[in-house]
Structures are given as structure tokens and as C-alpha cells.
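The values are calculated or read from the model by the stated rules, or taken from the named source; none is laboratory data. These numbers were taken from a predicted model, which means no experiment stands behind them. All Cβ positions, even for glycine, are placed from backbone atoms using ideal geometry, and neighbour counts span all protein chains on display. Side chains are part of the model used for accessible areas, which takes the heavy atoms of the whole protein and leaves out ligands, DNA and RNA. Shrake-Rupley method; radii C 1.70, N 1.55, O 1.52, S 1.80 Å.
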Amino acid sequence: MPIRATKRGAERTPLDGSHDVLICGASFAGLAVARELAGSGADVLVVDRYEIGERQTSACGIPTEWMRRLGLMAAERQRFDTLVMHTPHGDARYRLPWTFSTFDYRELCGLLWEQCDARFETAKINGRGRPANGDGAIAVETDRGTISSPLVVDALGWRRLLATGDGVQPPEAPLSRGLEVHPEGGATDLEIWIDRRYVPAGYGWSFPAGEETRIGVGSFDPSFHVRETTELLAEDLERDRVRYQGNWIPHKLRRATEGGVFFVGDSAGHCLPLSAEGIRTALYFGIGLGRELREVVDGKRTREEAARRYAEFHDSHELKFRWMLRVQKLIPRVPPRLLGPAIRVIGSRRFIEWSFNHYLAIAPPDFAGSAPSEAPREAVPA
């Protein structure tokens, strides 16, 4: 279980003051924003309830090229060039046009943080506070005091804590739910199950990561509880049911800006429907937002101009997200007997190349820029 790292006792000093940029949330999206501000000379404060890299909530997989472009290859645990799909009526093995890697969450977050020059504090964000003056700064209330900044980023996850009026809770919210176990022992295949024995609307997965395997079930229906079927999948694979972790997963875009605050990652719905892939998109939109804020810090744009440009960038992806959400809603309606033949039919090399490359292009790795030179550690082959 994650350990809450909020300072206590003598270390629990008041947290106050104003900063050039305040980033609430220190996972993929928040760290990507901070990374883009490195070297700007801005006073950037990153605040999170947990230490950096402390609270993993996903299977931690991403297209390999994204890791290479960001200089994160040392965190790689295993690499895959094929995907195995299972249905009750047949299986298929797809050769991917690009490789996919699993990684160590703590190590990858640490590598991202090394590329930042911001300051970090542990504190629980309670919500928006009352501004102390009329200088345009936005106040954020924490359990250690109130801090403020004219540039505030909410990268806190699906709860969208700094919103002013559209906060919703599951199961009414547009959220999927996922749970996984992390048994020791590796495997060779990256596997997906579309099987209503495990979940009526959703899928199961097995993501090997070196010395462990991440096995889980995700449901597009937030009212479906996935613990029993996650344990069932692990039992079917003859793996231990240990080290549980789970989370709510947004599957619909939400407003990118609101009340002067910038939202990124899960708080903006930056998690792809159907696949529930959110790490790549958190990095992608985090980089995009970081570049806009850099322009404000450098005096080239106003906050309002950056908000408009970031919202336009965010909104330009709405059609792609909407189509993936339509497919997500369609799959549970397909009769089970047709799933096996369907995955074999779409397994043609031409279709795989077309579909997976279009999928990668939603958040392409070249957006991250040129890869820094590094000596990557050899990953366990798949």
C-alpha cells in the first residue's frame, strides 16, 4: 500500500507564499509540465500528497519510443513487439508496427524529476482557497497552508479538485474502473482478454515487467466491481493474488481550463477510451501545456493567451477521443461468438499497420522532441 508522505511533527512547517508556477500533482502529467519549465528561471513549486514515484496506479506500459525520446530508458523492464488477444472463441497474435515497454514507476518518475529544476513539497490539496489580494493569483488550500500562483496546474487525477463546478463522482462520472495484482515471476507475452467471463464491458490484461507480472481487469461500466474477476484471471493464469492496486480511469475529455486553472492528465480526461492508455497522453498534453506556460514565464504571452491556445490544442483531439469512445461502447454489443472471428479478420498485416500507427499518432512520440543521448539498460526481451 502507498505510504502517505505528508510531513508530520517538527517537519510539518507551514506552506505559504506565492510562486511563478504551482503544479498540483507529481505523476506523469505534472512532471511533464515541470520538465518543460526547467531552465526558465521561474519559481516552480510541485505539490503532491505522496513523494515522487510513491503511488503507482497503473500497469505502467507505454510505446518504447516515448521512453527513448524523454531519456527514460533506464526505467524499462520489458519490451514487446507482439500483442496476444484472447476471446472465448479464439486467440490471435499480432505483430506490432512499433514496440511497447513496461517500466518501473518509481524509477521513471525519478528520471523525469531529475530533468526538472522545480521545488517539491508533500501536502494534501484540499481545493481552491480564497485569494489574499487582487493581483490575479489563484489560491490553493493545502493541509499545510494556502499557497498561490498566477499559473496553477491541476494534475491531481480524475477528482479534478481545483474545478469550480463540474466535479462528479463515480459511478455517475464518465469513468472506467481497473484493478490489478502484481505477482512475482515474469512472462513473455503482452496479453489482452476480451471475455465476458471476466468483465461484461471491458478487458483483462497481463503485462510482464521483468521480475513481476501485472495482471488486471478494467471495466468500462463503473458500477461493475472488478476484484473478483481480477482474482479469477490471476487464478486462471496460476499466479498469486498479491500487491493489489487500482484506480478510476476517465474515458471522456473534460474542459482543459476553468476559472484560470489549467487541467492536464486524468483531471482533463486525457486517458484514451477503449484502451484506457493514459500515461502517453499525460506526458503528451503535459509537454504541450508546459510549453505554453513557458511562453508566459518568458513574457511572450499572457495567461489568457496561453489558456486559449492550450484549450484549442486539447479540443483539437476531441474527434479522435469521441471515435474511440464509440468503439468502446460498441464492443460489449458484439455477440461473443463473433469476437474470435473478428479479431482474426482484423489481424491482417495491412490493417494492423494502419490501425496501430493511427493510434500512435493520437499522441506521437516525435512531439516530445529529440531524444537525449544515453546508454539504455538492456531490457528483458519478449
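Observations
- If you plug the beta carbon distance of Lys124 and Trp98 into 1/(1 + (r/R0)^6) with R0 = 41 Å, you get a FRET efficiency near 0.60.
- The residue list Gly246, Gly186, Pro208 was ranked by how far each Cα lies along the charge dipole of segment 165-286 toward its positive end, using unit charges on Cβ atoms, and Gly246 comes out on top.
- Only helices enter this figure: runs of n ≥ 4 DSSP H residues, each worth -39500 (n - 2.57), summed and divided by the residues of the chain, yield -8500 deg cm²/dmol at 222 nm to the nearest 500.
- Counting only Cβ charges, +1 for Lys and Arg and -1 for Asp and Glu, the dipole size of the chain around its Cα centre is about 960 debye.
- Accessible area per residue, Å², segment 181-289 with all protein chains present, probe 1.4 Å: 35 Å²
- Accessible surface, 1.4 Å probe, highest first, among residues Thr188, Thr102: Thr188, Thr102
- Relative contact order (percent, whole number), segment 278-374, Cα cutoff 8 Å, 6+ residue spacing: 38 percent
- Taking GluC sites (Glu not before Pro) in DSSP loop conformation with at most 10 other Cβ atoms inside 10 Å as exposed sites, the chain has its longest uninterrupted site-free stretch at 1-171.
- Overall dimensions of segment 73-223, expressed as equivalent-ellipsoid semi-axes from the Cα gyration tensor (√(5λ), whole Å, largest first), are 39, 22, 13.
- Within segment 213-360, the ratio Rg/Rh, alpha carbon atoms throughout and Rh by Kirkwood, equals 1.06.
- Extended-chain gain in nm, criterion 0.36 nm per residue less alpha-carbon gap, Asp366 and Asp143: 76.4 nm
- Accessible area of the chain belonging to carbon and sulfur atoms, whole % at 1.4 Å probe: 51 percent
- Lysine pair count for the chain with Cα-Cα distance under 25 Å and sequence separation of 8 or more or different chains is 4.
- Overall shape of segment 142-289 was characterised from the C-alpha gyration tensor. The equivalent ellipsoid obtained from it has semi-axes of 32, 17, 14 Å, in decreasing order.
- Cα Rg, Dmax (largest Cα-Cα span) when computed across the chain, Å: 20.8, 65
- Solvent exposure, largest accessible area first (probe 1.4 Å, DNA, RNA and ligands not counted), of Ile346, Ile23: Ile346, Ile23
- A simple count of charges around Pro200, restricted to other residues whose Cβ falls under 14 Å of its Cβ and scoring Lys, Arg +1 and Asp, Glu -1, yields +2.
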